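Worksheet: one structure, shown below.
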Amino acid sequence: TDPLPDHVDVCVVGGGQSALALAFHLRRAERRRSGPALRVLLLDSRTHPGGAWQDAWPSLRLFSPAGYSSLPGRLMPRPPGDEPPDAAHVVDYLADYERRYDVDVRRPVRVTAVERADGGLLVRTDHGDLRARAVVSATGTWDRPLWPTVPGTDGFEGEVLHVHDYRGPEPFAGRRVLVVGGGNSGAQVAADLLGTAAAVHWATRRPPRYLPDDVDGRVLFEVATQAVRDRASGREARGVGSLGDVVAVPPVRAARDRGDLVAEPMVERLTEHGARWPDDREEPLDAVVWATGFRPALAHLRGLGLTWTDGHPATGAPDGSPFAVRSADGVPLWLLGYGDWCGPASATLIGVGRPAAAVAADVVATLDR
Ligand code: FAD
């Protein structure tokens, strides 16, 4: 990669959809301001565009149709056929989006730390350091899978992996697999394994709540929109989680309707060669897949002396905005795309646009003060 500049106005950590949506809105905010153009630079640890979508398993399907999975300014093209887009389609879309808006991204550059410095922040990377008047963290969650603690895991002699490392059913042909987790990933991976694995057990802590079949990400976005309105008017906001856990995308719906995708209660423990349920039933297993979610990848912010709450820096909403995207510690740092705590549906393609616009407006207002 070219040598990094020694200073920029805005440094964005990450080069996935959240960072791209922000770059779009910063570019748009630029048009409304006079003065020299802001120097905006995205630093992404991956070698190619597309963020975490590059690591998703091939059969993963978006829980929304293309038109409801678009970043600001550019509709995601509909894929052929009626199926919702797969991860490869999203990667192509994000790479095209980056080219279309001529976003300045440096890859592969990993930000190792962000520190306080005169006039802004010091961004340390594996390709040297740079100063920035403002830093926006948009590093996603993919790099921080959440591993559950289930008794007996250490003694289990089969294979154990997180859905972060799941790349399709082929390696599990003829094997007996336990999938743990009642969200979209658990449902989609369990459905994906059916027909290839010799046995699939899908264990969830509570019976999975399917969204109604005619409901997909569009409704999730409408619920998120209502949550934004409620927050803005000081009413209690209902998160999208209240609606349900699993969008019945076609492969999941087909497996469920065949009666092949049936959730079992959570296992009590793993044994050397299998799992045991609370009713003492035991099943032999060759592999376990944890579809137990992710946490925000924020290690690069640990050295900033911030106030942390629920595993992330405390944030507040810029004046009048319903999105708590700005560090509450008075440093020129914003956080984008991590989930409801920094904006309802902010961790979705369709949902990140609004908090990104709020970050862009606040960054520009802050730098122009
Ligand atoms: P990412 O895509 O993870 O991009 C962050 C980028 O920052 C990555 O390139 C990463 O390498 C880089 N990075 C991380 N740390 C550093 C660092 N220290 N320095 C430099 N670069 C760094 N959303 C939907 O809208 N529809 C769906 O159907 C949907 N399905 C999902 C299914 C799964 C299994 C998961 C996990 C998520 C799903 N999401 C879905 C949610 C969300 O859209 C994705 O998680 C998306 O990848 C989030 O985009 P992002 O840009 O915030 O993060």
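The values are calculated or read from the model by the stated rules, or taken from the named source; none is laboratory data. Since the model is a prediction, treat every value here as computed from it, not as a measurement. We place every Cβ from the backbone using ideal geometry, glycine too, and count neighbours over all the protein chains shown. SASA here: full protein model, heavy atoms, side chains in, ligands and nucleic acids out. Shrake-Rupley method; radii C 1.70, N 1.55, O 1.52, S 1.80 Å.
Taking 0.36 nm per residue of separation and subtracting the current Cα-Cα distance, fully stretching the chain between Gln226 and His273 would add 12.1 nm.
Each Cα pair of the stretch 101-155 feeds into the Kirkwood radius, which the Stokes-Einstein equation turns, at 20 °C and 1.002 mPa s, into a diffusion coefficient of 150 µm²/s. Note: the stretch 237-322, Cα convex hull, 225 Å³ per residue. Name the shape class, rounded, prolate or oblate, that the alpha-carbon gyration tensor gives for the stretch 1-102, where a ≥ b ≥ c are the square roots of its eigenvalues, rounded holds for a/c under 1.5, and otherwise prolate holds if a/b is larger than b/c and oblate otherwise. Taking the square roots of the gyration eigenvalues as a ≥ b ≥ c, the stretch 1-102 is oblate. Of the two radii for the stretch 58-122, the radius of gyration is 1.16 times the Kirkwood radius, both from the alpha carbons; that is the Rg over Rh value. Calculated on the Cα set of the stretch 258-299, radius of gyration then Dmax: 14.0, 44 Å.
With all protein chains in place and a 1.4 Å probe, the accessible surface of the chain carries 50 percent carbon and sulfur. Hey, if you put +1 on the Cβ of every Lys and Arg and -1 on every Asp and Glu Cβ in the chain, which of Leu94, His273, Val249 ends up farthest toward the positive end of that dipole? Ranked along the dipole, the leading option is Leu94. Taking a sphere under 11 Å around the Cβ of Ala190 and counting the other residues whose Cβ falls inside, with K and R at +1 and D and E at -1, yields a net charge of -2. Each Lys or Arg adds one and each Asp or Glu subtracts one; over the other residues with Cβ under 10 Å from the Cβ of Phe63, this totals +1. Using r as the Cβ-Cβ distance of Trp147 and Glu115, and R0 as 30 Å, what FRET efficiency do you calculate, to the nearest 0.05? After rounding to 0.05, the efficiency reads 0.55. Looking at the chain alone, DSSP beta bridges between its own residues are antiparallel in about 45 percent of cases. The average projected area of the chain, computed from the convex hull of its Cα atoms over all directions, is 19.5 nm².
Ligands, DNA and RNA aside, Arg100 has an accessible area near 120 Å² when probed at 1.4 Å.
The alpha carbon convex hull volume per residue for the stretch 154-220 rounds to 120 Å³.
Residue ranking by accessible heavy-atom surface, 1.4 Å probe, largest first, among His300, His127 comes out as His127, His300. Think of a 1.4 Å ball rolled over the protein heavy atoms: the stretch 216-359 then has 41 Å² of accessible area per residue. Accessible area per residue (1.4 Å probe, heavy atoms of protein chains only) ranks Ser185, Ser64 as Ser185, Ser64, with the largest value leading. Per residue, the convex hull spanned by the Cα atoms of the stretch 78-225 amounts to 226 cubic angstrom. A 1.4 Å probe run over the protein chains yields, for the stretch 43-86, 48 Å² of accessible area per residue, whole-number rounding.
Its alpha carbons give the stretch 1-55 an Rg and a Dmax of 12.7, 41 Å. Kirkwood analysis of the stretch 196-349, using all unique Cα-Cα pairs, places the hydrodynamic radius at 18.8 Å. Modelled spin-label separation between Leu161 and Ala254, with each label point placed 7 Å from Cα along the Cα-to-Cβ direction: 2.2 nm.
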